[in-house]
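Peer 1: Pasting a structure below so you can have a look.
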Amino acid sequence: MRLQHIALAVAATAGVSGYALAQEVKIAHIIDKTGAMEPYATATNVGLRMGLEYATGGSMEVAGKKISIIVKDSMLKPDQGKALLAAAYNDDKADIAVGPTSSAVALAMIPIARENKKILIIDAAAAENLTGNKGSRYVFRTGRNSDQDGYANAIVHGRAGTYIATLAPDYAYGREGIASFREALKQTPAKLVHEEYAPVGNTDFTAQAQRIFNALKDQPGRKVIWYLWAGPGNPLKILDLDPKRYGIEVVTGGNILPALAGYRALLGSEGATHYYFQCPKNAANDWLVAEHLKRYNNAPPDFFTATGMMTGIAIVEALKKTQGKTDTEALIKAMEGLSFDGPKGKVYFNKDNHQLMQPMYHFKVKLDPTMDKTATQGVGHECIREVKIEDMKFPTPKLKD
């Protein structure tokens, strides 16, 4: 009898790996942990794990399956991102991939998702065309896009008698971001009079500033430089060239908490942001803020932590709808139009282009003594109002494939 039990046990081991695979959901998180966008990458990974935890009630299981995460570093290199995504699908047998941080890397990864007919959820990369005319039916995005940035900021600044020049980095994120802001301003009485682009990592903004000053200084109304930036380089150096002598204001949108330390030079200015931990008022955000303060040395959750959390919740809610099935077509059907409650309140995936539709937040830069010991070094946001989903009237063209 003992030998029979052993024989049965040996025979059973032949199917163990296949059974284990069937009882697990594998998520590959491909992020740019090496390079200037490391803080963004780390925050999305923290948020992803917290979102999965929140949506599963702490079990890290959905429909009887354990959830595991594989983290890979794309190092801000498009070719690296492509190779890692292909390996995640084919070697690691990932059911779903998430990432990356850079728009340039994301653009390179989309064809790999298409070729493998597997789901890719873009969490941080913001260029509009990633879920627009260069997107794919296999690609969804939980992060905000350049349209949401641009249209929300245009609502804040698009007042009559306002003349605006822009400054942005010369790559996909910057170009797409300004294009969205430009289109949004057409719906307002404000006037866009100049666009300026600088190389990523630029250290001297003298030439750009001079062209911007020349375009704005003789305008008759309120004069504004709206800048958009991600990665190395500090566009606030333009303040060293004294735009105030021409009556020119410098304003911007939201950013990660460490970047807000530089906003001390922008006290009183207004903008629109994807997320600031004090703005949303809902149960998911209350949990995120409380748990993040507890786990991370009293630091509040950051800009991309909320994005990561929404990604985790979206994955769990989709898998609930499929009853744990991870085949691509089932996931696409579950995710198109999927609505769920996250740290930004009620959000949903647009069926036509797979962009997560979400509110934004109108803020004013202020000093906040409660933030003295955080990465912002005492700079915070006064939350003025929620910019609602329906207020941002940007186009959502259907995906081509």
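Peer 1: For segment 201-235, give me each residue that is buried (at least 18 other Cβ atoms within 10 Å of the Cβ) and either free of Cβ contacts under 8 Å to residues at least 60 places away in the same chain or of a type in the set (D, E, K, R) (or both).
Peer 2: If the condition is that a residue be buried (at least 18 other Cβ atoms within 10 Å of the Cβ) and either free of Cβ contacts under 8 Å to residues at least 60 places away in the same chain or of a type in the set (D, E, K, R) (or both), then 202, 205, 208, 209, 212, 213, 215, 216, 219, 223 are the ones that fit.
Peer 1: Out of all the residues in segment 341-370, which are touching a residue at least 60 places away in the same chain (Cβ under 8 Å) and hydrophobic (A, V, I, L, M, F, W, C)?
Peer 2: Answer for segment 341-370, where residues must be touching a residue at least 60 places away in the same chain (Cβ under 8 Å) and hydrophobic (A, V, I, L, M, F, W, C): 349, 356, 360, 363, 365, 367.
Peer 1: Next question. Which residues, taken from segment 120-137, are buried (at least 24 other Cβ atoms within 10 Å of the Cβ) and either charged (D, E, K, R) or modelled with pLDDT of 95 or more (or both)?
Peer 2: Selection gives 120, 121, 122, 123, 128.
Peer 1: Also: Any residue in segment 381-392 that is in contact with a Lys or Arg (Cβ under 8 Å, 6 or more places away or on another chain) and buried (at least 19 other Cβ atoms within 10 Å of the Cβ)? Even if it seems obvious, please write down each step before you answer.
Peer 2: Our first condition is that a residue be in contact with a Lys or Arg (Cβ under 8 Å, 6 or more places away or on another chain); within segment 381-392, this holds for 381-382, 384.
Applying the additional criterion that residues be buried (at least 19 other Cβ atoms within 10 Å of the Cβ) yields 381.
Checking segment 381-392: at least one residue is in contact with a Lys or Arg (Cβ under 8 Å, 6 or more places away or on another chain) and buried (at least 19 other Cβ atoms within 10 Å of the Cβ).
Peer 1: Right, here's the next one. For the subset of segment 4-28 comprising residues that are modelled with pLDDT under 50 and not in a helix (DSSP H, G or I), which member is surrounded by the fewest Cβ atoms within 10 Å (Cβ to Cβ)? Spell out the reasoning first.
Peer 2: Of segment 4-28, the ones modelled with pLDDT under 50 are 4-21.
Narrowing further to those that are not in a helix (DSSP H, G or I): 14-15.
Numbers: 14: 8, 15: 10.
Out of the qualifying residues, it is 14.
Peer 1: Only residues that are surrounded by fewer than 20 Cβ atoms within 10 Å (Cβ to Cβ), assigned to a helix (DSSP H, G or I) and touching a Pro at 6+ places or on another chain (Cβ under 9 Å): list them for segment 29-51, please.
Peer 2: 39, 46
Condition check ((1) over 15 Å from residue 235 (Cβ atoms); (2) more than 18 Å from the chain's Cα centre (by Cα); (3) not assigned by TED's automatic domain parsing to the domain that holds residue 45) across all residues:
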| site | (1), (2), (3) |
| --- | --- |
| 100 | yes, no, no |
| 119 | yes, no, no |
| 183 | yes, yes, yes |
| 194 | no, yes, yes |
| 205 | no, yes, yes |
| 210 | no, yes, yes |
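Peer 1: What number of residues in segment 289-308 are within 16 Å of residue 273 (Cβ to Cβ) and touching a residue at least 60 places away in the same chain (Cβ under 8 Å)?
Peer 2: Kept after step one, since they are within 16 Å of residue 273 (Cβ to Cβ), are these residues of segment 289-308: 289, 300-307.
Then keep just the ones that are touching a residue at least 60 places away in the same chain (Cβ under 8 Å); that gives 300-307.
Selection size over segment 289-308: 8.
Peer 1: Also, I was wondering about something else. May I ask you to say which residue of 79, 92 is in a loop (DSSP other than H, G, I, E, B) and not hydroxyl-bearing (Ser, Thr, Tyr)? I'd like the intermediate steps shown before the answer.
Peer 2: Values: 79 fails: in a loop (DSSP other than H, G, I, E, B).
The conditions single out 92.
Peer 1: When only residues in segment 138-190 that are surrounded by fewer than 19 Cβ atoms within 10 Å (Cβ to Cβ) and of a type in the set (Gly, Ala, Ser) count, which is modelled with the lowest pLDDT?
Peer 2: The selected residue is 179.
Peer 1: So how many residues does segment 53-67 have that are in contact with a Leu (Cβ under 9 Å, 6 or more places away or on another chain) and touching a residue at least 40 places away in the same chain (Cβ under 8 Å)? Break it down into steps so the answer makes sense when it comes.
Peer 2: Step one: filter segment 53-67 for residues in contact with a Leu (Cβ under 9 Å, 6 or more places away or on another chain), giving 54, 60, 62-63, 65, 67.
Right, trim to touching a residue at least 40 places away in the same chain (Cβ under 8 Å) and you get 54, 62-63, 65, 67.
Selection size over segment 53-67: 5.
Peer 1: May I ask you to verify whether residue 105 is among the β-branched types (Val, Ile, Thr) and either within 22 Å of residue 319 (Cα to Cα) or out of contact with any helix residue (DSSP H, G or I) (no Cβ under 6 Å at 6 or more places or on another chain) (or both)?
Peer 2: Working: among the β-branched types (Val, Ile, Thr): yes; either within 22 Å of residue 319 (Cα to Cα) or out of contact with any helix residue (DSSP H, G or I) (no Cβ under 6 Å at 6 or more places or on another chain) (or both): no.
So residue 105 does not fit the description; no.
Peer 1: Could you tell me which of the residues 306, 314, 318 is more than 23 Å from residue 151 (Cβ to Cβ) and outside any strand (DSSP E or B)? Even if it seems obvious, please write down each step before you answer.
Peer 2: Numbers: 306 fails: more than 23 Å from residue 151 (Cβ to Cβ); 314 fails: more than 23 Å from residue 151 (Cβ to Cβ).
None of the others qualify; the one that does is 318.
Peer 1: Can you find even one residue in segment 97-110 that is of a type in the set (Val, Ile, Thr), in a strand (DSSP E or B), under 21 Å from residue 328 (Cβ atoms) and in contact with a Gly (Cβ under 9 Å, 6 or more places away or on another chain)? Reasoning before the result, please.
Peer 2: Here is the first cut: in segment 97-110, the ones of a type in the set (Val, Ile, Thr) are 98, 101, 105, 110.
With in a strand (DSSP E or B) added as a condition, the list becomes 98.
From the residues that got through so far, the ones that are under 21 Å from residue 328 (Cβ atoms) too are 98.
Applying the additional criterion that residues be in contact with a Gly (Cβ under 9 Å, 6 or more places away or on another chain) yields 98.
Checked segment 97-110: at least one residue is of a type in the set (Val, Ile, Thr), in a strand (DSSP E or B), under 21 Å from residue 328 (Cβ atoms) and in contact with a Gly (Cβ under 9 Å, 6 or more places away or on another chain).
Peer 1: Identify all residues within segment 321-340 that are in a strand (DSSP E or B) and surrounded by 16 or more Cβ atoms within 10 Å (Cβ to Cβ); write none if there are none. Please lay out each step first, then the result.
Peer 2: Initially, segment 321-340 is screened for residues in a strand (DSSP E or B), giving 339-340.
Residue satisfying the conditions is 340 alone.
Peer 1: In segment 372-388, which residues are free of Cβ contacts under 8 Å to residues at least 40 places away in the same chain and either under 30 Å from residue 130 (Cα atoms) or of a type in the set (A, V, I, L, M) (or both)?
Peer 2: Within segment 372-388, 385, 388 meet the criteria.
The values are calculated or read from the model by the stated rules, or taken from the named source; none is laboratory data. All of these numbers come straight from a predicted model, not from anything done at the bench. In this analysis, Cβ positions are derived from the backbone assuming ideal geometry, glycine residues included, and neighbour counts consider all displayed protein chains.
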